[in-house]
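Worksheet: the structure to be examined is printed underneath.
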Amino acid sequence: MLLVYKILCNTFYLITFMNNEKNFNLKFIRDKILPGLTKVNKDLALDEFSRPLNTYTERISRIGLVNHSYGLDAGCGLGNWTIPLAMLNSNISGIDFDSNKIKAAKKIAENMSFNNIKFVEGDLTDLPFKDNEFDFIICYSVIMYTTNPEKVLKEFRRVLSTNGKLYIMTDLWRWLLIPPNKRLFDLFVYWFNLIIMRLKGIKYKFFTKRSFENMLERKGFLIVSKGQDGESSFISKNVKSNIEGFYPKFKDGYEYLWEVCAFKK
């Protein structure tokens, strides 16, 4: 009888653990989210949500953005970073200027039964948040698309608490002008679309590593770690060249992406 009881207890524990183990619901995303997106955003969403959820939580833990009360995902898109951040922190806000992405992000989070995420439509140059509201901000591959990156950083500094953390990653000029692993025809299509976007007033900011870091320091941030995708951390100031990020280092030896961990001064 005791053996049966132990088996039942272990079975109940296993079922409970499996039910609590969250992961992205790719079927829901494919059926309910992708049909409402553009082709470019569909491809991006499949890339972002096809990664196992634990690859995000491990990355966030390695950066050192865990066990905080309030965090902000700036330029959250569909919430692929927002959701794992909410698993490791008490309250997370996600903001994006695209209303369709915000609606979709809400649906994805609701489908996964999260109640500690708040998604907001808004502009990073004019954040709808109080001064000193957040313990940290994450801004992944967004800053170079904003209309005024320096104003964005000014807003980040305003809403961060004293000694608040900023983890920020940018595509460098090389990625924007000559994206890696593209065939020649695809490059011509990419450049054509880039010209069309600029004619429409959408202009990318072409950062070098130095210009990006100088801008951060000018706007009141103290850089403690920096590197290519996946290399920076608040826990260790040393760049770890053996760490694998979401985007591999390319054989030509050049940096295409650059990330920084910095404290608000």
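Sorted from fewest to most neighbouring beta carbons within 10 Å, what does the list K205, K42 look like?
Arranged by neighbour count, lowest to highest, K205, K42 become K42, K205.
May I ask you to list the aspartates and glutamates whose Cα is less than 17 Å away from that of K32, ignoring any residue fewer than eight positions away on the same chain?
By straight Cα distance, K32 reaches D43, D47, E48, E110.
Once fully extended, how much extra length lies between L88 and K154, figured as 0.36 nm per residue of separation less the alpha-carbon to alpha-carbon distance?
Result: 21.1 nm gained on full extension.
Listed here are the pairs K101/K154; K107/K165; K106/K265; K22/K265; K27/K205; K39/K130; which of them are more than 31 Å apart at the Cα?
Violating the 31 Å limit, Cα to Cα: K106/K265; K22/K265; K27/K205; K39/K130.
About the Cα centre, and with charges only on the beta carbon of Lys, Arg (+1) and Asp, Glu (-1), how big is the dipole of segment 79-137? Nearest 20 debye, please.
In total the dipole reaches around 320 debye.
Tabulate in residue order the Karplus-calculated ³J(HN,Hα) for segment 110-119, using 6.51 cos²θ - 1.76 cosθ + 1.60 with θ = phi - 60°, rounded to whole Hz; enter x for Gly and Pro.
5, 4, 9, 6, 8, 10, 10, 10, 10, 9
No value in this document is a laboratory result; all are computed from the given coordinates. What you see is a predicted model; the values in this text were computed from it and never measured. When we count neighbours, we look across all protein chains shown, and the Cβ atoms used for this are built from the backbone with ideal geometry, even at glycine.
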